[in-house]
Amino acid sequence: MRTLVLGGVRSGKSEYAEQLVAGFPSVRYLATGPTLSTDAEWTARIAAHRERRQERYETVESPDVTAALRQQPEVPVLVDDLGNWVAAQLDWDDDADPEQQARRLDGALAELCAAIAEHRADVVVVSPEVGMSVVPATTAGRRFQDLMGRANSTVATVADRVVLTVAGRALDLENRTADAGSHRAAPVAPLAAVGPASTETDAGAAIDPTDAELFPAVTPPDPAAAAAARDRQLRLTKPPGSLGRLEEVGIWVAACQGTSPPRPIASPTVVVFAGDHGVAAPDSDGGSVSAFPQAVTAQMVANFLAGGAAVNVLARRAGASVRVEDISVAADTAPEVSRHKVCRGSNDLRVTDAITLAQARQGVAAGRAVVDELVDSGVDLLIAGDMGIGNTTPASIVVGLFTHEEPVVVVGRGTGIDDAGWIRKTAAIRDGMWRGRKVIDDPLSLVAAVGGADFAAMAGFLAQAAVRRTPVILDGVVITAAALVADELAPGASEWWVAGHVSAEPAHKLALRRLGLTPLLDLDMRLGEASGALAALPLVTAATDLLGTMATFDEAGVSDG
């Protein structure tokens with residue numbers, strides 16, 4: 001989270017900023033003001049600020065904020081304040097060229113904003129709101145006022161949140177371009193660290209993410225159709241219950257279709273959601289929570305498009321189509337898969353929010369749009385798949401939070417990490433769960449804090465499928481973690497899902513138990529990509545065909561005993 005705290009003299013802006021970093025075990029305090037001065041009152045202010053700083057602060061007294069930010073990008077930072085930084089950048093002689101001053105400041109601001117955007121931990125920047133401060137009525141004073149306003153406006157473009165403090169109280173400032181009917185605070189622009197990208201439809205029109213997390217009430221599968229299907233199962237040429245769970249699956253499909261006997265499943269479609277995660281970046285020792293480098297995500301997207309991945313092979317065998325959506329891959333991908341791209345990767349969820357609320361909302365909107373497009377085109381069964389190096393870490397965090405289990409219970413080997421990687425991953429899950437607990441009751445905030453744009457899109461996809469009365473086969477732990485979020489966004493959505501399999505990841509079994517779903521297969525799989533769901537698809541289509549086309553005792557002239 002990047003926050004710009006504005007305020008006038010004695011407004012309480014510094015004290016408020018310190019509250020924002022109060023929950024972190026360590027903080028770098030970047031003090032920009034001159035430390036040597038003959039001004040007794042200024043010296044007293046410096047002393048008061050130093051006295052207030054806690055032991056967990058590492059104080060760096062320097063005007064070179066850009067360099068200080070880049071020294072330790074994984075440690076939360078409090079910058080106090082931007083006004084002294086601006087003053088240190090320029091020559092304030094009355095004879096100074098105003099245009100030259102502005103160009104020089106713009107260059108320094110570009111570097112500063114890049115460093116803020118690249119910082120992986122929280123950044124809080126304190127700055128004077130010059131319209132509420134005492135500014136000398138001199139040439140230099142007027143120039144400072146103009147340039148300070150320029151600096152605040154520029155830094156605001158990389159902030160998730162801009163706050164104005166007055167009389168010790170904070171007021172969130174909304175994006176002036178936001179929908180006038182919305183009362184949510186919105187960032188001026190997405191973080192450059194997780195590269196903004198527009199979310200578009202096939203026609204190229206931007207999707208409106210406003211209130212994307214608000215879903216209409218979910219209508220459950222048709223109970224009358226289920227009753228008729230259950231009765232038909234008793235009249236088919238077999239002993240009652242002899243096809244075991246295939247009978248229940250057939251009844252579920254009939255209820256989802258609202259008719260018995262059910263229609264054959266004609267157009268099953270897989271959507272693989274791809275995204276990278278900052279938590280998978282190598283640490284200072286070169287270790288990671290994953291056995292594979294982040295570059296593999298984009299490489300696998302290309303492999304999907306070429307038809308060479310497991311999902312392609314399984315889909316061809318099962319008669320399903322495959323679609324790929326780059327929601328947050330940290331690289332450029334083909335235009336046909338990046339039309340709904342929200343951002344390039346995510347932040348490190350161990351130390352800051354994975355994405356902003358605005359980006360989470362964009363992700364949900366993207367997932368919903370994909371469902372609407374597919375269902376409107378005639379797709380009658382959906383499968384969600386995932387691709388993203390390190391994505392089982394946020395998945396395990398989400399499952400741990402919803403099931404109230406400890407990190408060591410939910411952690412798994414993912415792509416095949418060794419013991420050292422397992423330790424790193426467990427620690428990352430611990431840190432993520434600590435950060436996520438405060439927003440567990442707000443599914444959108446949760447997916448922003450410890451999920452990612454791909455998780456938001458998967459949750460939106462699963463919830464919207466239920467809204468559109470379309471059955472879904474769930475895949476592994478990543479998809480099922482997103483399903484936990486989706487069922488919170490759209491209560492009752494889980495009635496429209498069947499669990500394709502249970503994977504080797506410990507968190508998967510816990511998530512399925514939470515959703516009340518019993519898996520169709522247990523093959524010790526842990527690939528993702530919708531591979532487990534596709535392995536189960538032939539069972540679902542067969543169960544549907546058995547209920548729909550198998551002869552009854554009367555039709556076959558067979559005695560029912």
- Message: So, in segment 420-434, how many residues would count as being open to solvent by 50 Å² or more (accessible area, probe 1.4 Å), without any contact (Cβ under 8 Å) to a residue 60 or more places away in the chain and over 13 Å from ASP353 (Cα atoms)?
- Response: 3
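Here's the yes/no breakdown for (1) open to solvent by 30 Å² or more (accessible area, probe 1.4 Å); (2) closer than 30 Å to LEU446 by Cβ; (3) in a helix (DSSP H, G or I); (4) at pLDDT 80 or above:
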residue: VAL5; (1), (2), (3), (4): no, yes, no, yes
residue: GLY33; (1), (2), (3), (4): no, no, no, no
residue: SER37; (1), (2), (3), (4): yes, no, no, no
residue: GLU51; (1), (2), (3), (4): yes, no, yes, no
residue: THR59; (1), (2), (3), (4): yes, no, no, yes
residue: THR66; (1), (2), (3), (4): no, no, yes, yes
- Give the residue that is farthest from THR237 (Cα to Cα), with candidates limited to residues of segment 525-561 that are modelled with pLDDT of 95 or more and either acidic (Asp, Glu) or in contact with a Cys (Cβ under 8 Å, 6 or more places away or on another chain) (or both). GLU529
- How many residues are outside any strand (DSSP E or B) and farther than 25 Å from ALA556 by Cβ when one looks only at segment 253-284? 14
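Quick one: in segment 95-115, which of the residues that are of a type in the set (A, V, I, L, M, F, W, C) and open to solvent by 10 Å² or more (accessible area, probe 1.4 Å) is farthest from ARG70 (Cα to Cα)? Working first, answer last.
First, the residues of segment 95-115 that are of a type in the set (A, V, I, L, M, F, W, C): 96, 102, 105, 108-110, 112-115.
Those left that are additionally open to solvent by 10 Å² or more (accessible area, probe 1.4 Å): 96, 102, 108, 110, 113-114.
Numbers: ALA96: 31, ALA102: 24, ALA108: 14, ALA110: 14, CYS113: 11, ALA114: 10 Å.
That would be ALA96.
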- Message: Can you name every one of the strands (runs of 3 or more DSSP E) wholly within segment 119-229 that holds 2 or more residues which are open to solvent by 30 Å² or more (accessible area, probe 1.4 Å) and at pLDDT below 90?
- Response: 161-166, 169-173
- Test MET458 against the stated conditions and say whether it is surrounded by fewer than 24 Cβ atoms within 10 Å (Cβ to Cβ), part of a helix (DSSP H, G or I), of a type in the set (A, V, I, L, M, F, W, C) and modelled with pLDDT of 95 or more. no
- Item | Residue tally, condition closer than 20 Å to LEU484 by Cα and modelled with pLDDT of 90 or more, over segment 409-421 | 4
- Item | Set ALA315, ALA331: member being open to solvent by less than 50 Å² (accessible area, probe 1.4 Å) and in a loop (DSSP other than H, G, I, E, B) | ALA331
- Got a number for residues in segment 370-398 being outside any loop (DSSP other than H, G, I, E, B), open to solvent by less than 30 Å² (accessible area, probe 1.4 Å) and either within 23 Å of GLN294 (Cα to Cα) or free of Cβ contacts under 8 Å to residues at least 24 places away in the same chain (or both)? 11
- Message: Against the conditions (1) open to solvent by 10 Å² or more (accessible area, probe 1.4 Å); (2) in contact with a helix residue (DSSP H, G or I) (Cβ under 8 Å, 6 or more places away or on another chain); (3) assigned to a helix (DSSP H, G or I), where does ARG413 fall short? Just the number, please.
- Response: (3)
- Message: Just to verify a result, which residue in segment 234-292, among those that are basic (Lys, Arg) and open to solvent by 40 Å² or more (accessible area, probe 1.4 Å), is farthest from ILE327 (Cα to Cα)?
- Response: ARG235
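When you look at SER267, is it polar (S, T, N, Q) and farther than 18 Å from GLY385 by Cβ, yes or no?
For SER267, the condition - polar (S, T, N, Q) and farther than 18 Å from GLY385 by Cβ - is not met.
The values are calculated or read from the model by the stated rules, or taken from the named source; none is laboratory data. Treat the numbers as computed from the prediction; the structure is a model and nothing was measured. No Cβ is skipped: glycine too gets one built from the backbone with ideal geometry, and neighbour counts run over all protein chains shown. Accessible surface areas use protein heavy atoms only, side chains included; no ligands, DNA or RNA. Shrake-Rupley method; radii C 1.70, N 1.55, O 1.52, S 1.80 Å.
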